[in-house]
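Engineer: Just dropping this structure here.
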Amino acid sequence: MASTLGVLEALLRNPGAIATKLEVKQLLKALLKRPGAITSASEAKQLHAQILKHNPSSPLYTSTAICVYSNFKLLNQSLLLFKTLQSPPSLAYKSIIKCYAVNGRFVESLASFVDMRASGNTPDHSVFPSVLKACAFLLDLRLGEAVHGCIIRLGMDVHLITGNALINMYAKLQTDSSVKKVFETMTTRDIISWNTVIAGNAQNGLHEDALAMVREMGGAGLKPDIFTLSAILPIFAQYVDVDKGREIHGYVIRYGFDKDLYVASSLINMYSRCARVEDSIRVFKITRQRDTISWNSVIAGCVQNGMFDEGLRLFRQMLKDNVIPGSVSFSSIMPACAHLTTLNLGKQLHGYIMRCGFDDNVFISSSLVDMYAKCGHIRTAGWIFGGIKGRDMVSWTAMIMGCALHGYAEDAISLFEQMKLEGIRPNHVAITAILTACSHAGMIDEGRRYFDRMTEEYGIRPGLEHYAAMADLYSRKGKLNDAYQLISTMTTPTGTIWSLLLSACRVHKNVDLAEKVASKIFEVDPENIGARVLLSNIYANDGRWKEAAKVRMTMRNMGIRKNPACSWIEVKNKIHTFIADDKSHPLHDEINIALCELQEKMELAGYVADTSEVLHDVDDEQKKYLLYGHSERRAIAFGIMSTPAGTTIRVIKNIRICVDCHTAIKLISKIVGREIVVRDNSRFHHFRDGECSCGEYW
DNA sequence: TTGTCCGAGG
């Protein structure tokens, strides 16, 4: 053998060297027995050349060449040779089946397997794993079972690797009973057998079984390895069981598995699912080797836990480190743009997405719909939504919620009904979206109907978010007692839900109920800043300055401070922030002059300041002055000054817009002939030609 | 010749 291989080596190193026919023949013969002696693709090509030169018509030699090519995954070369064979021998079939499979061409792989059977060639242990993998990938249970039958008839079911492949196939096809049966009938099992069953159980929701098997492994003399650990970590992520997750982390460190990319990604994911972003970032930072998946895991972790800026920072860092973002990277980061309403960044990412050709990905396009809707571009959102092929419930929900936030309740309802007609069942988020739509349009009856029917029609029990939407609906409409009744039926109403009612008490000036509601809030959430501010404002609004002062005093004694009201606007890629009465903007004086001019024009158009919204104990003239210092007006004035005529002005405010500003902005939109879009903390207002899309309802 | 990790909507 050694001398034959010596000839081979010489030949391969110098294909021009003259070899005797005998030598070549011996060489090829040796190779028939040991195709593995060829160690590179170029050697494979040399071999092919020798065959063409000396024995081009031998099916056996051709098959050997196919086998060698397929070992290097060279599908095209294998196919060219395969097609020259009239009746391919077993080796040729086996090689081409495997070669198709390793190239992900599972349909062709299975077709070749069928051909092989039809031609009367008997498959063996070397080919079943590829065939079973193809069945698993194509989710073809019937063919898989047929192959299994064939395996049993040939007595191959005791073969370890074939058995493992069978387990894997049944696990992927979620036929857990077959997984168990195959595992139990196997005469020898290795760690892969165990891991495959464990991973299958974990992914098919049989969490207890998976964990029990991890414990049993020890009895078989096997220790959990990186595969075992990355299979069970997602269980603790799903159960938000950080203690168990940490235990595994300890084990990982003891055995030095923390260098493994898969384990690290699973740990990052586990910690972020358990809301321990700091821990997940720590794991990420000590992971030396990083791939797109570990980056995606940590970025998604930040974004899902509300750390949007950190998520964006990491995303930029990933690009800087020359890690190519995949489609998952974009669908992970896009919600950060939606939440931060950073339209410009969102648009840049959208461009990047299109250049990568990811714009037909339903995850990404749904996140784009959400981002554009939340950034005020509901039409762009609708346009993207219209182009989504194979919309799923999430795409519909993003669009429905977008319409809801913009006050287009009719559109939201018709989308919701259309979605159901297409056979898509709404989940709890979709229900929240439709209730939000009703809430923002004051559609009490429709809202009530969706709420009452959600359990029997969709099998979804009302959760916090649904109660919140309903409480909001009643509250905005002034049905304060209905809201109170509804909230009281909840087993554990939260401070947030009561606060919705409290803010309605302010709008509808119901001080008595406000006091009752406020005490409920302080019971469950004594630190609730918003509620204390609201209560103080309610007193002030009623002229009860003493009580108002008392609430503020309590707040100060408790050491809590409210966040100032502010508005911001993006002009030429820069975000300008305005806080009421803050004079720090470089164009402060110019903005004031512009506001004065606007004020005069507004008064000519019949504007009278509604000073009831000013909750300071000062005279009327002073109140008027305070009103026009409101942050959203200054942001709008700045926007008008610094953008070309006709440009839409987009402003974001961190609290709900006040009645007087709402009236003022309507007039301003008419005076300057611009569309002004204001997003407050609850919805969008589109001001155009003296009207607002909210129809005076917010 | 078999097996692992990440993703959208409130």
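The values are calculated or read from the model by the stated rules, or taken from the named source; none is laboratory data. A quick note: this is a predicted structure, and the numbers were derived from the prediction, not measured. So basically every Cβ, Gly included, is an ideal-geometry build from the backbone, and we count neighbours across all protein chains shown. Calculation scope for accessible area: heavy atoms of the full protein, side chains included, ligands and nucleic acids excluded. Shrake-Rupley method; radii C 1.70, N 1.55, O 1.52, S 1.80 Å.
Engineer: How high is the relative contact order of chain A? Use alpha-carbon pairs under 8 Å, at least six apart in sequence, and give a whole percent. Write down the numbers at each step before the final one.
Structural biologist: Details: 987 pairs, mean separation 33.0, N = 698.
Reported relative contact order: 5 percent.
Engineer: Given R₀ = 56 Å, what would the calculated FRET efficiency be for A:Ser58 paired with A:Glu216, taking r from the Cβ atoms and rounding to 0.05? Before the final figure, lay out the partial values.
Structural biologist: Working: r = 52 Å, r/R0 = 0.93.
The computed FRET efficiency comes out at 0.60.
Engineer: Which length gain, in nm to one decimal place, applies between A:Lys244 and A:Ser42 when the Cα-Cα distance is subtracted from 0.36 nm times their residue separation?
Structural biologist: On the way: separation 202, 0.36 × 202 = 72.72 nm, distance 5.04 nm.
So the chain would gain 67.7 nm between A:Lys244 and A:Ser42.
Engineer: Just the number, please: Stokes-Einstein D of region A:375-532 in µm²/s, Kirkwood Rh from C-alpha pairs, 4 °C, 1.567 mPa s. If you can, show how the numbers build up before the last one.
Structural biologist: On the way: Rh = 16.4 Å.
Translational diffusion coefficient: 79 µm²/s.
Engineer: Next up: Ratio of alpha-carbon Rg to the 2.2 N^0.38 Å globular estimate for chain A, to two decimals, please. The partial results should precede the final answer.
Structural biologist: On the way: Rg = 34.2 Å, N = 698, 2.2 N^0.38 = 26.5 Å.
Taking N as the residue count of chain A, the ratio is 1.29.
Engineer: Now, a different point. How far, in nm, would the chain grow between A:Thr491 and A:Tyr255 when pulled straight, counting 0.36 nm per residue and subtracting the alpha carbon separation? Could you put the intermediate results ahead of the total?
Structural biologist: On the way: separation 236, 0.36 × 236 = 84.96 nm, distance 4.69 nm.
Result for the pair: 80.3 nm of gain on full extension.
Engineer: What ranking, highest mean first, results for peptides A:155-165, A:267-277 when packing means the other Cβ atoms within 10 Å averaged over each residue? List each step's numbers first, then the result.
Structural biologist: On the way: A:155-165: 19.2, A:267-277: 24.4.
Peptide ranking by packing, descending: A:267-277, A:155-165.
Engineer: Quick one: Karplus J couplings for region A:313-324, per residue in order, coefficients 6.51, -1.76, 1.60, θ = phi - 60°, nearest Hz, x for Gly and Pro?
Structural biologist: Karplus values, whole Hz, x for Gly and Pro: 4, 5, 4, 5, 4, 4, 4, 4, 7, 6, 8, 6.
Engineer: Using mean Cβ contacts within 10 Å as the protection proxy, how do A:635-645, A:501-511, A:449-459, A:399-409 order, highest first? List each step's numbers first, then the result.
Structural biologist: Values: A:635-645: 18.6, A:501-511: 20.2, A:449-459: 14.3, A:399-409: 25.6.
Descending packing order for the listed peptides: A:399-409, A:501-511, A:635-645, A:449-459.
Engineer: Label point 7 Å out from A:Ile152 along Cα-to-Cβ: which residues of region A:177-212 have amide N under 20 Å?
Structural biologist: A:177-189
Engineer: What nm value, rounded to one decimal, do you get for the distance between A:Asp582 and A:Ser693 when each label is placed 7 Å out toward the C-beta?
Structural biologist: 2.7 nm
Engineer: Report the paramagnetic label zone for A:Thr185: residues of region A:108-149 whose backbone N is under 14 Å from a point 7 Å from Cα along the Cα-to-Cβ axis.
Structural biologist: Residues A:145-149 fall inside that zone.
Engineer: What nm distance separates the two modelled labels at A:Glu597 and A:Ala549, each placed 7 Å from Cα along Cα→Cβ?
Structural biologist: In this crude label model, A:Glu597 to A:Ala549 measures out at 4.2 nm.
Engineer: Among A:Gln26, A:Met334, A:Ile400, whose Cα projects farthest towards the positive end of the dipole of chain A, with charges put on the beta-carbon of Lys, Arg (+1) and Asp, Glu (-1)?
Structural biologist: Value computed over the given set: A:Gln26.
Engineer: On to the next question. Taking a spot 7 Å from the Cα of A:Lys389 along the direction of its beta carbon, which residues of region A:339-378 have an amide N less than 16 Å from it?
Structural biologist: Label zone hits: A:357-366.
Engineer: Moving to a separate point now. List, in order, the whole-Hz ³J(HN,Hα) value for each residue of region A:432-447 obtained from phi through the Karplus relation with A = 6.51, B = -1.76, C = 1.60 and θ = phi - 60°; use x for Gly and Pro.
Structural biologist: 4, 4, 5, 5, 4, 4, 4, 4, 6, 10, x, 8, 4, 5, 4, x
Engineer: Still on this structure, please answer the following. For A:Ile286 and A:Glu523, calculate 0.36 nm times their separation in residues minus their Cα-Cα distance, and state this gained length in nm to one decimal.
Structural biologist: Details: separation 237, 0.36 × 237 = 85.32 nm, distance 4.37 nm.
Taking A:Ile286 through A:Glu523 to full extension adds about 80.9 nm, to one decimal.
Engineer: Straight-line reach only, C-alpha to C-alpha below 16 angstrom: list the lysines that A:Lys33 could link to, leaving out same-chain residues fewer than 8 apart.
Structural biologist: A:Lys25, A:Lys94
Engineer: Another question, then. If the cut-off is 26 Å between C-alpha atoms, which lysines fall inside it for A:Lys320, apart from same-chain ones fewer than 8 positions away?
Structural biologist: A:Lys259, A:Lys285, A:Lys347, A:Lys572, A:Lys574
Engineer: Which of rounded, prolate, oblate describes region A:280-396, given a ≥ b ≥ c as roots of the alpha-carbon gyration tensor eigenvalues and a/c under 1.5 marking rounded, otherwise prolate only if a/b is larger than b/c? Please list the in-between numbers first.
Structural biologist: Details: a/c = 2.05, a/b = 1.74, b/c = 1.18.
The shape class here is prolate.
Engineer: If region A:148-297 were replaced by its equivalent ellipsoid, with semi-axes equal to the square roots of 5 times the Cα gyration tensor eigenvalues, what would those be, largest first, whole Å? Walk me through the numbers on the way to the answer.
Structural biologist: Details: eigenvalues 195, 42, 40 Å².
Whole-Å semi-axes of the equivalent ellipsoid: 31, 14, 14.
Engineer: Compute, for A:Ser693, the solvent-accessible surface of its heavy atoms (probe 1.4 Å) with the complete set of protein chains present, and express it in square angstrom to the nearest 10.
Structural biologist: Counting only protein heavy atoms, A:Ser693 exposes about 40 Å² to solvent.
Engineer: Distance check, please: which entries in A:Lys73/A:Lys133; A:Lys133/A:Lys420; A:Lys509/A:Lys653 exceed 26 angstrom between their Cα atoms?
Structural biologist: Values: A:Lys73/A:Lys133 16 Å; A:Lys133/A:Lys420 36 Å; A:Lys509/A:Lys653 23 Å.
Beyond 26 Å: A:Lys133/A:Lys420.
Engineer: While we're on this one: Hey, what number do you get for chain A at 222 nm if only DSSP H runs of n ≥ 4 count, each worth -39500 (n - 2.57), divided across all residues, to the nearest 500? Numbers along the way, then the final one.
Structural biologist: Details: 37 runs with 463 residues, N = 698.
One gets -21000 deg cm²/dmol as the mean residue ellipticity at 222 nm.
Engineer: For the pair A:Val102/A:Arg316, report the inter-label distance in nm, with labels modelled 7 Å from Cα in the Cβ direction.
Structural biologist: 4.4 nm
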